[in-house]
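Contents: one structure, followed by commentary.
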Amino acid sequence: MASASGITGPPQPPPRMIRQDMPRPGGYPPIDVSRNVPKSVNPRNAPWILLAGACVLGVGFYRVGHFNQYRSALRKERMELRMAIMPFLQAESDFEAVEAREKFIAWEKQVMKNVPGWVAGENVYRTKSYMPSAIATMPKGPY
């Protein structure tokens, strides 16, 4: 394509020889597509295999049940020990609460000494109920 201006156009790739992929002479060997499945279990052995599987399953359930009983006994023992020492824990907590209350009242007297009518240690909410501090409480979860 020559034009008057001397430009010949975009470059063209060299001509290619197209070669089609063909089978080799004599052709390809046949492909074996037959199923190679092993022979099934002998029907006389099937009940024994089923029995063995049921035995394994039964032993597994038996062991799980015994472990659950063991874990429950440990949990119960832990809870009984906690209940056995609860009075001592509560007494210690009460003692600490009394010491902290006395210390707070002394601090309150010192801070509020210039306020007329202020009574140190008096409940500012004017309620009649008393709620003791319960630091040692029973756990909520399965301990």
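The values are calculated or read from the model by the stated rules, or taken from the named source; none is laboratory data. Everything numeric in this text was worked out from a predicted model, so none of it was measured. Positions of Cβ are backbone-derived with ideal geometry, glycine not excepted, and every protein chain shown enters the neighbour counts. All accessible areas refer to the heavy atoms of the entire protein, side chains included, with ligands and DNA or RNA removed. Shrake-Rupley method; radii C 1.70, N 1.55, O 1.52, S 1.80 Å.
Protein-only accessible surface at a 1.4 angstrom probe places the residues Tyr62, Tyr125 in the order Tyr125, Tyr62, largest first. Taking the protein heavy atoms of the chain in the context of the full set of protein chains, the accessible area attributed to carbon and sulfur is 64 percent at 1.4 Å. Ordering Trp118, Trp107 by accessible surface, largest first, gives Trp107, Trp118; the 1.4 Å probe counts only protein heavy atoms, with every chain in place. The value of relative contact order for the chain, using C-alpha pairs under 8 Å at least six residues apart, is 24 percent.
Can you pull out the trypsin sites (Lys or Arg not before Pro) in region 1-88 that DSSP calls coil and that have at most 13 other Cβ atoms within 10 Å? Passing both the DSSP loop test and the Cβ count: Arg16, Arg19, Arg35, Lys39, Arg44.
Ordering Thr8, Thr127 by accessible surface, largest first, gives Thr8, Thr127; the 1.4 Å probe counts only protein heavy atoms, with every chain in place. Taken along its three principal axes, the alpha carbon spread of the chain comes to 116, 88, 22 Å, from the longest extent down to the shortest. In a Debye calculation with equal point scatterers on the alpha-carbon sites of region 1-60 and no solvent, what is log10 I(q)/I(0) at q = 0.14, 0.21, 0.28 Å⁻¹? So the normalised log intensities work out to -0.78, -1.00, -1.13. Shape of region 54-97 from its Cα gyration tensor (a ≥ b ≥ c, root eigenvalues): rounded if a/c is under 1.5, otherwise prolate when a/b > b/c, or oblate? Note, shape of region 54-97 comes out prolate. Accessible area per residue was computed with a 1.4 Å probe on protein heavy atoms; Leu50 scores about 130 Å².
How far, in degrees from 0 to 90, does helix 46-111 lean away from the longest principal axis of the Cα atoms of the chain, to the nearest 10? Result, in degrees: 40. Across region 88-127, Cα-Cα pairs more than 15 Å apart make up 53 percent of the total. Helix content alone sets the calculated 222 nm mean residue ellipticity of the chain: runs of n ≥ 4 DSSP H residues at -39500 (n - 2.57) each, divided across all residues, give -17500 deg cm²/dmol.
When the chain is described by a simple charge dipole with +1 on each Lys and Arg Cβ and -1 on each Asp and Glu Cβ, the residue from Ile7, Val33, Thr127 located farthest towards its positive end is Val33.
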